[in-house]
1. Determine whether region 37-55 contains at least one residue that is outside any helix (DSSP H, G or I) and in contact with a strand residue (DSSP E or B) (Cβ under 8 Å, 6 or more places away or on another chain).
2. Restricted to region 152-167, and to residues that are of a type in the set (D, E, K, R) and surrounded by 12 or more Cβ atoms within 10 Å (Cβ to Cβ), which residue is farthest from the chain's Cα centre (by Cα)?
3. Is there a residue being of a type in the set (Asp, Glu) and more than 23 Å from Ala147 (Cα to Cα) anywhere in region 98-108?
4. Considering only residues that are hydroxyl-bearing (Ser, Thr, Tyr) and in contact (Cβ under 8 Å) with a residue 24 or more places away in the chain, which ones fall in region 139-159?
5. Would you mention how many residues in region 47-62 are under 15 Å from Met90 (Cβ atoms) and either crowded, with 19+ Cβ neighbours inside 10 Å or among the small types (Gly, Ala, Ser) (or both)?
6. Looking at Ala104, Ala134, Ala108, which is the one that is closer than 27 Å to Ala19 by Cα and either in contact with a Pro (Cβ under 7 Å, 6 or more places away or on another chain) or of a type in the set (Asp, Glu) (or both)?
7. Only one of these conditions is not met by Thr115: (1) over 20 Å from Gly72 (Cβ atoms); (2) touching a strand residue (DSSP E or B) at 6+ places or on another chain (Cβ under 6 Å); (3) not charged (D, E, K, R). Which number is it?
8. Among the numbered criteria (1) among the hydroxyl-bearing types (Ser, Thr, Tyr); (2) buried (at least 18 other Cβ atoms within 10 Å of the Cβ); (3) farther than 20 Å from Ile125 by Cα, which single criterion is violated by Thr67?
Amino acid sequence: MLETQNLTLRKPGPQDIDAAVAFFTSDRAQYVGGPHTPGMAWRHFAAEVGHWDLRGYGMWAFCRKGTDDALGLVGPWYPNDWPETEIGWMAFAHAEGKGLTFEAANAALDHAYGTLGWSTAVSYIDARNTRSIALAERLGATVDPYAPQPKPDLPCLVYRHPVRTAA
């Protein structure tokens, strides 16, 4: 678990399934392969939860401090077939435009470079996803045109995050 000024980032669990399925079945999921059927949405969320057991880390559900209502998912993501370690994010509808995903992603990057010891981190972003592009750039990431694609048959923008060192 991580804490920021306004947020608690915790491992996702059963209490988040309704919010996650609502996201994955909505048009908001268009940049992550959706919208999905409810069954496929459940499976996508199960993969988020299972990543923790397989890798020992994963995307957190981020919540306002003092609540347990997930506002989205953010954090380190590295499926077996991914070419590089990724920091990903998905903001649920009621969390957008408040700076909360930025705050959560900043904490996730600090954790990835510090605690996990990553030497690099990218974010794979659909070229039409202007909000995610803006967030990546706000985090200091820049497009790396030479980075390998996670799904070569479905190219995306690969944003490389600057290396963070301990203060």
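Just so it is clear, none of the values below were taken in a lab; they were calculated from the coordinates. Just so you know, these numbers come straight off a predicted model, no measurement behind them. Backbone-built Cβ (ideal geometry, glycine too); neighbour counts: all protein chains shown.
1. No.
2. Arg164
3. yes
4. Within region 139-159, just Tyr159 meets the criteria.
5. Count: 8.
6. After ruling out the rest, the residue left standing is Ala108.
7. (2)
8. Unmet condition: (2).
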